Amino acid sequence: MELSLAHPAIKAFMCGAFSGTCSTLLFQPLDLVKTRLQTLQSSVQPGSGRVGMMRVLLNVVRKERLLGLWKGVSPSFMRTIPGVGLYFSTYYSLKQHFFQEKSPGALSAVLLGGGARTAAGVLMLPVTVIKTRYECGRYHYESVTRALCNVWRSEGPGALYSGLVATLLRDVPFSGIYVMCYSQMKTNLPKEVNMSAFAPVANFSCGILAGVSASLVTQPADVVKTLVQVNPQLRTSDAVKYIYTEHRLQGFLSGAVPRCLRRTMMAAMAWTVYEQMMAYIGLKS
């Protein structure tokens, strides 16, 4: 089926999937470093010294070579390509249904972003669990498919949805805050900028600012999510209690720098590529 003949929601899905592919491949090393930092925190005793981002990055390169930074990229692709595609197609469909004639306000943007992320997050969570385990270095699976089957058989289907609450507490607010900040900043840009060749740069800059805000607010939920998915016997409340008992409030900021960099850059790139592609095929994003 030619793209020009496809349903608008399918076009939005394809544009989102392409943008997700580009951003995932480029920023996967930051996600791996973030996961390693958060996993190390759960096994390092307080007072034994701080493990920083650069130390983890260099350790991965030394032990697993440069390509080790892209460990987990296969499940990342399996999650991100359909996940981002589903997110943008849901976002586009909701926006066209409820706000066809006007731009959404701040609260409406939060609901649009959060609703689209809920659908994508729940459907793609099993692959997210496998991706987290790949990146942490504790698990050694031959392939994503075998990993899914192995976890299903040995730990039960519930393990594939470990960290669901923490994931939604992280992703839904992130997307809601991001879309709100991004859309409001874009609305306040001069029309001359939006119509010029600098529009992609302006969109990317808005995405950077929106991503930093959303990343910082949702960082604690990301730490909890990683701990639960690597240790599926833990409940979300147990993970929160463990992190606070062992590391106090600073424990909830573990991996904040690489995550903030990755999520901010990924979201900014994904939205910029998505909007440029939607404009190219003649659809309003």
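Of all residues being free of Cβ contacts under 8 Å to residues at least 12 places away in the same chain and part of a helix (DSSP H, G or I) in segment 128-157, which is nearest to ARG263 (Cα to Cα)? Just the residue, please. Give the steps one after another, and end with the answer.
Residues of segment 128-157 that are free of Cβ contacts under 8 Å to residues at least 12 places away in the same chain, as a first pass: 139-142, 145-146, 149-150, 152-154, 156-157.
Adding the requirement that they be part of a helix (DSSP H, G or I) leaves 145-146, 149-150, 152-154, 157.
Working: THR145: 26, ARG146: 28, CYS149: 29, ASN150: 29, TRP152: 29, ARG153: 33, SER154: 32, PRO157: 28 Å.
The qualifying residue nearest to ARG263 (Cα to Cα) is THR145.
Which of the residues spanning segment 181-197 are of a type outside the set (Gly, Ala, Ser) and either within 15 Å of THR272 (Cβ to Cβ) or crowded, with 16+ Cβ neighbours inside 10 Å (or both)?
Scanning segment 181-197 gives CYS181, TYR182, GLN184, MET185, LYS186, LEU189, VAL193, ASN194.
Go through (1) more than 20 Å from MET265 (Cα to Cα); (2) buried (at least 17 other Cβ atoms within 10 Å of the Cβ); (3) at pLDDT below 90 for ALA239 and report which single condition fails.
Single failed check for ALA239: (3).
Being on the phi < 0 side of the Ramachandran plot, surrounded by fewer than 22 Cβ atoms within 10 Å (Cβ to Cβ) and among the aromatic types (Phe, Trp, Tyr) narrows it down to one of TYR91, TYR139, so name that one.
Just a single option satisfies the conditions, and that option is TYR139.
Within segment 37-44, is there a residue that is of a type in the set (Gly, Ala, Ser), outside any helix (DSSP H, G or I), at pLDDT 75 or above and surrounded by fewer than 19 Cβ atoms within 10 Å (Cβ to Cβ)?
There is no residue in segment 37-44 that is of a type in the set (Gly, Ala, Ser), outside any helix (DSSP H, G or I), at pLDDT 75 or above and surrounded by fewer than 19 Cβ atoms within 10 Å (Cβ to Cβ).
Which of the numbered conditions does ARG55 fail, given that it passes all the others? Conditions: (1) farther than 15 Å from MET266 by Cβ; (2) surrounded by 24 or more Cβ atoms within 10 Å (Cβ to Cβ).
Unmet condition: (2).
Does THR21 count as of a type in the set (S, T, N, Q) and either in contact with a strand residue (DSSP E or B) (Cβ under 8 Å, 6 or more places away or on another chain) or modelled with pLDDT of 85 or more (or both)?
Details: of a type in the set (S, T, N, Q): yes; either in contact with a strand residue (DSSP E or B) (Cβ under 8 Å, 6 or more places away or on another chain) or modelled with pLDDT of 85 or more (or both): yes.
When the stated conditions are applied, THR21 passes them.
Quick one: TYR178 ticks every box in (1) of a type outside the set (Lys, Arg); (2) buried (at least 19 other Cβ atoms within 10 Å of the Cβ); (3) at pLDDT below 90 except a single one, so which number is it?
Result: TYR178 passes all but (3).
Consider VAL240 carefully, then state whether it is on the phi < 0 side of the Ramachandran plot, without any contact (Cβ under 8 Å) to a residue 24 or more places away in the chain and assigned to a helix (DSSP H, G or I).
So VAL240 fits the description; yes.
Quick grid of which residues meet (1) touching a His at 6+ places or on another chain (Cβ under 9 Å); (2) under 23 Å from ASN188 (Cα atoms); (3) in a loop (DSSP other than H, G, I, E, B); (4) among the aliphatic types (A, V, I, L, M):
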site	(1), (2), (3), (4)
VAL61	no, no, no, yes
LEU69	no, no, no, yes
SER76	no, no, no, no
ARG79	no, no, no, no
GLY85	no, no, no, no
TYR91	no, yes, no, no
GLN96	no, yes, no, no
PRO104	no, yes, yes, no
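If you check VAL110 against the conditions, is it of a type in the set (A, V, I, L, M), crowded, with 20+ Cβ neighbours inside 10 Å, closer than 30 Å to GLN184 by Cβ and out of contact with any Ser or Thr (no Cβ under 7 Å at 6 or more places or on another chain)?
It is true that VAL110 is of a type in the set (A, V, I, L, M), crowded, with 20+ Cβ neighbours inside 10 Å, closer than 30 Å to GLN184 by Cβ and out of contact with any Ser or Thr (no Cβ under 7 Å at 6 or more places or on another chain).
Tell me yes or no: at least one residue of segment 186-198 is modelled with pLDDT of 85 or more, under 23 Å from ILE130 (Cα atoms) and assigned to a helix (DSSP H, G or I).
So far as segment 186-198 goes, no, none of its residues is modelled with pLDDT of 85 or more, under 23 Å from ILE130 (Cα atoms) and assigned to a helix (DSSP H, G or I).
When the residues of segment 223-236 are narrowed to those that are in a helix (DSSP H, G or I) and out of contact with any Gly (no Cβ under 6 Å at 6 or more places or on another chain), which ends up surrounded by the most Cβ atoms within 10 Å (Cβ to Cβ)?
Out of the qualifying residues, it is THR226.
Out of the residues in segment 242-263 that are of a type in the set (Val, Ile, Thr) and over 17 Å from the mean Cα position of the chain (by Cα), which is surrounded by the fewest Cβ atoms within 10 Å (Cβ to Cβ)?
Only one residue tops the list, namely THR245.
Is there any pair linking a residue in segment 66-80 that is touching a residue at least 60 places away in the same chain (Cβ under 8 Å) to one that is in a helix (DSSP H, G or I) and among the charged types (D, E, K, R), with Cβ under 6 Å and at least six apart or on different chains, and which?
As it stands, the answer is GLY72/LYS131; GLY72/GLU135; PRO75/LYS131, since those pairs meet every condition given.
I'd like to know if segment 164-173 contains one or more residues that are surrounded by fewer than 18 Cβ atoms within 10 Å (Cβ to Cβ) and either in a helix (DSSP H, G or I) or without any contact (Cβ under 8 Å) to a residue 60 or more places away in the chain (or both). Working first, answer last.
Applying the first criterion (surrounded by fewer than 18 Cβ atoms within 10 Å (Cβ to Cβ)) to segment 164-173 yields 165.
Among the residues that remain, those that are also either in a helix (DSSP H, G or I) or without any contact (Cβ under 8 Å) to a residue 60 or more places away in the chain (or both) are: 165.
The answer is yes, given that some residue of segment 164-173 is surrounded by fewer than 18 Cβ atoms within 10 Å (Cβ to Cβ) and either in a helix (DSSP H, G or I) or without any contact (Cβ under 8 Å) to a residue 60 or more places away in the chain (or both).
The values are calculated or read from the model by the stated rules, or taken from the named source; none is laboratory data. In this text the structure is predicted, and so the values were computed from the model without any measurement. For neighbour counting, all protein chains shown are included, and Cβ atoms are generated from backbone atoms with ideal geometry for every residue, glycine included.
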